[in-house]
1. Would you pick out the residues in region 241-261 that are touching a helix residue (DSSP H, G or I) at 6+ places or on another chain (Cβ under 8 Å) and exposed (fewer than 15 other Cβ atoms within 10 Å of the Cβ)?
2. Here are some residues: 181, 190. Which one is in a helix (DSSP H, G or I), more than 15 Å from residue 165 (Cβ to Cβ) and either within 22 Å of the chain's Cα centre (by Cα) or modelled with pLDDT under 80 (or both)?
3. Quick check: anything in region 93-112 part of a helix (DSSP H, G or I), exposed (fewer than 13 other Cβ atoms within 10 Å of the Cβ) and under 19 Å from the mean Cα position of the chain (by Cα)?
4. Of all residues in region 193-224 being over 23 Å from the mean Cα position of the chain (by Cα) and touching a residue at least 40 places away in the same chain (Cβ under 8 Å), which is farthest from residue 126 (Cα to Cα)?
5. Check residue 201 against each of (1) surrounded by 13 or more Cβ atoms within 10 Å (Cβ to Cβ); (2) assigned to a helix (DSSP H, G or I) and name the one condition it does not meet.
6. Take region 63-86 and flag every residue that is exposed (fewer than 14 other Cβ atoms within 10 Å of the Cβ) and at pLDDT 85 or above.
7. Going through 238, 296, 287 one at a time, which residue ends up being surrounded by 14 or more Cβ atoms within 10 Å (Cβ to Cβ) and modelled with pLDDT of 90 or more?
8. Among (1) modelled with pLDDT under 85; (2) more than 26 Å from the chain's Cα centre (by Cα); (3) surrounded by fewer than 13 Cβ atoms within 10 Å (Cβ to Cβ), there is one condition residue 54 misses while meeting the rest; what is its number?
């Protein structure tokens, strides 16, 4: 099922990686991530992009009519939910593609500058991801070919109610205040997590023991659930980080302090530093919480000798529930330094979710059934070839 989708999405994913390389290496985009500006190099990457992507799409156009599926499915079925998820992800990717390239195209055509910022991406991306999480929770509990709506309601009604309760109660206990953004993020994460638990419990309910049931499930199934759980973790991380992150730009002299959320940042001193290819200054920042020292951060401001380009080296105190960042700005005549301080709760959960999704894909790819299926196909092809030779000899 969806063989054309599988091939086309693989082509588009690889095309996106080449396009990102072209944007950052050619100087087409002005950004801190565009670390090279070489038109000749950009032209070379563009040629590779045209050859690889154009060739792949040409082969796809020629071979796609041969990859038709002979199976049908009803309007409410797992195939439909998979199709909806594919469409949502493609639309989300297309919105990023449009938002990234449109300012460049607009400038090339009109000569004027236009900026597309977070409001555009939030307005499109947030609703799409909410719909995606809802369908991802429904998909594994649905049946192939045809699923009764009454069956889905019976399976997911309690899961939905429990997700709403967790979404309302848990952020309120932690924050001691009601937040719609936190409630929505946690509720959707709980919805997806509890739907995974429900699906696993359904799979092992007819086994003698739970461990026997868990052992009977395939690696591809565990890979799917690990990837779905990664989506839940990432969604909670994005929601909570976006709402509860705070930052503050200050000008501090040695010995002065500033407060941000529950943390106190004290500028102790600054010292010159010399590296293999740069010179700069390093600040010593003491971080305290509840009158207790928890970390010392050392942000740097560097000037690279080859180009004379100034750069900041951010200091990070990473944690499972929050990250602290300090960037060092410029020194003033009075000896004070400008710096920006960030407190970002749950930002590590975004990366953890991505790791879980990658782990799920790797786990699914290791399923022996796929290798056995390939071996059976090869054996069948060899048997057909042997039969043709036998017919020719006779």
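The values are calculated or read from the model by the stated rules, or taken from the named source; none is laboratory data. Predicted model only: the values in this text are computed from it and were never measured. A quick note on method: Cβ atoms are made from the backbone with ideal geometry, for glycine too, and the neighbour counts reach across all protein chains shown.
1. Once the filter is applied, which keeps residues that are touching a helix residue (DSSP H, G or I) at 6+ places or on another chain (Cβ under 8 Å) and exposed (fewer than 15 other Cβ atoms within 10 Å of the Cβ), region 241-261 yields nothing.
2. Working: 190 fails: more than 15 Å from residue 165 (Cβ to Cβ).
The unique qualifying residue is 181.
3. Yes; the residues of region 93-112 include at least one that is part of a helix (DSSP H, G or I), exposed (fewer than 13 other Cβ atoms within 10 Å of the Cβ) and under 19 Å from the mean Cα position of the chain (by Cα).
4. Our first condition is that a residue be over 23 Å from the mean Cα position of the chain (by Cα); within region 193-224, this holds for 198-218.
Those left that are additionally touching a residue at least 40 places away in the same chain (Cβ under 8 Å): 198-199, 202, 218.
Numbers: 198: 26, 199: 26, 202: 31, 218: 33 Å.
Among those residues, the one meeting the criterion is 218.
5. (1)
6. none
7. Only one candidate passes the filter, namely 287.
8. (1)
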